[in-house]
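Just so it is clear, none of the values below were taken in a lab; they were calculated from the coordinates. Owing to the predicted nature of the structure, the values given are computational and were not obtained by experimental measurement. Quick reminder, even Gly has a Cβ in these numbers, built from the backbone with ideal geometry, and neighbours come from all protein chains shown.
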Amino acid sequence: MNAVDRWPPIPDRHPFGLDNLPFGVFSHPSTGGGARRVGVAAGDFVLDLSPVLDDGVFAAPTLDPFLARGRATWAGTRARLTELLTDVRHRDAVSPHLLPRSEVTLHLPFTVADYVDFYCSLDHASNVGRIFRPDAEPLLPNWRHLPVGYHGRAGTVVVSGTPIVRPCGQRRPPGADGPSYGPSVRLDIEAEVGFVVGVESRLGAPVPLESFADHVFGVVLVNDWSARDIQAWEYQPLGPFLGKSFATSISPWVVPLEALAAARVAGPVQDPAPLPYLRRGEPWGLDLSIEVALNGTVVSRPPFATMYWTADQMLAHLTVNGASLRTGDLFASGTVSGPSPGERGSLIELTWNGAEPLTLPDGTSRSFLEDGDTVTLSATAPAPGGGVLGLGEVTGTIHPARPSA
């Protein structure tokens, strides 16, 4: 491949600029017959890291070995990449390994060890409470005291672009005496942000708030697909199960926490003050701007900065009982919703449980997802100097339910 035309090879203010350098896993005909390798997004290119950094860890088909190396290595690698992509002396050595992003195939970037999904938006929890408990207090008594969550299914976390097959299961239609079986008719989305664990912890040893950045490598976008009719019938008394476990989509690029320094904000004031192990020190709220597009039309812009519980609190709570972390653990924020109607991160909120359907530009309406619908989540964050970082996007298209074997 010839040297690229400019150096650095990234246009100014590009969402995948030098301030970002997100990590992912790709394949390309030039990489050993299409073998999966680790790369970083650099402008409109993917930089193949293994030959450039002369480190076999980047020839692995996942980020797992690199994630396990820890914070000092993560920072050192970013610093070295910045040097390689800015100093013109490295141009001839680096440019042959810059592959056009349009030519690569992106894959699940890490092996998902465990998956935990939280419920950390005050606005989302309040909206759902008002929908299902209109004559009662929207929030349950524990909600302001701890980040509520559940354990999901790691094996059905899939990369952006993977088809989403409409799930089947038990659901009880309104007014019916009992349940029936069939495809979900209330298929929904949840716009979320996920956090990727790199460094493990010891069983029995909680991870305190101040150790958050020593264990968490970076951030992905998450769409936690949800079958609301299946969920409503099954969730009492133990919570989400088949209504959630059929698929969870994540974006292919993992944006390092270090890249999000300019996006860090203090989370909202918490009242009552949480117990000591959850009292914030460093500010780990993130000013991320999310867009939700349904069939190409933006229907919502949820703001992540309003999340009541922040990621360091999620990690502290998830380990406070001594549960250990593993490389590749993924924990997600729960649906991101803001205070206004145009900031709601799920269809159940946007359509108020179907009572107020969305009208799309083609004249059709949606209460919940139909077969053939495509949902794309994207997000940006502030960059140093007033620029913008891109978190990429996560997309999924609904396919019809499959008949039982």
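Observations on the structure shown:
- Region 23-107: C-alpha gyration tensor shape, a/c 1.5 cut-off, then a/b vs b/c: oblate
- You can think of it this way: the chain between Leu238 and Ser365 has 42.4 nm of extra reach, that is 0.36 nm per residue less the Cα-Cα gap.
- Extension gain, Ala293 back to Tyr150 (0.36 nm per residue minus Cα-Cα distance, nm): 48.8 nm
- A Cβ-based charge dipole, computed about the Cα centre of region 115-399 with Lys and Arg at +1 and Asp and Glu at -1, lands at about 400 debye.
- Here region 131-286 is assigned +1 on the Cβ of each Lys and Arg and -1 on the Cβ of each Asp and Glu. Its dipole about the Cα centre then comes out at about 260 debye.
- Measuring nothing but how far apart in sequence close Cα pairs (under 8 Å, 6+ apart) lie, relative to its length, region 115-399 scores a relative contact order of 27 percent.
- Mean residue ellipticity, 222 nm, helices only, the chain: the sum of -39500 (n - 2.57) across DSSP H runs of n ≥ 4, divided by residue count and rounded to 500, is -4000 deg cm²/dmol.
- Other residues with beta-carbon under 15 Å from the beta-carbon of Gly243 carry, at +1 per Lys or Arg and -1 per Asp or Glu, a net charge of +1.
- Computed E for Ala355/Ala266 - FRET, C-beta separation, R0 35 angstrom, nearest 0.05: 0.45
- Cα-only Debye scattering, the chain: base-10 log of I(q)/I(0) at q = 0.10, 0.11, 0.14 Å⁻¹: -0.67, -0.81, -1.27
- Charging the Cβ of each Asp and Glu at -1 and of each Lys and Arg at +1, and nothing else, the dipole of region 1-111 about its Cα centre rounds to 220 debye.
- Computed over region 23-107: relative contact order in percent, which uses C-alpha pairs under 8 Å that are six or more apart: 36
- Put simply, when 47-55, 197-205 are sorted by average Cβ atoms within 10 angstrom per residue, most first, you get 47-55, 197-205.
- Packing rank of 11-23, 131-143, 163-175, where each peptide gets the mean count of other beta carbons within 10 Å, highest leading: 11-23, 163-175, 131-143
- Label reach from Arg326 (point 7 Å along Cα→C-beta): in region 173-197, amide nitrogens under 19 Å belong to 195-197.
- Looking at region 208-316, the chymotrypsin sites (Phe, Trp or Tyr not before Pro) that sit in a DSSP loop and have at most 16 other Cβ atoms within 10 Å of their own Cβ are Tyr235, Phe241.
- Only Cα pairs under 8 Å and 6+ residues apart enter the sum, and on that basis the relative contact order of region 20-172 stands at 21 percent.
- Theoretical FRET efficiency, 1/(1+(r/R0)^6), r = Cβ-Cβ of Ser30 and Glu137, R0 56 Å, to 0.05: 0.40
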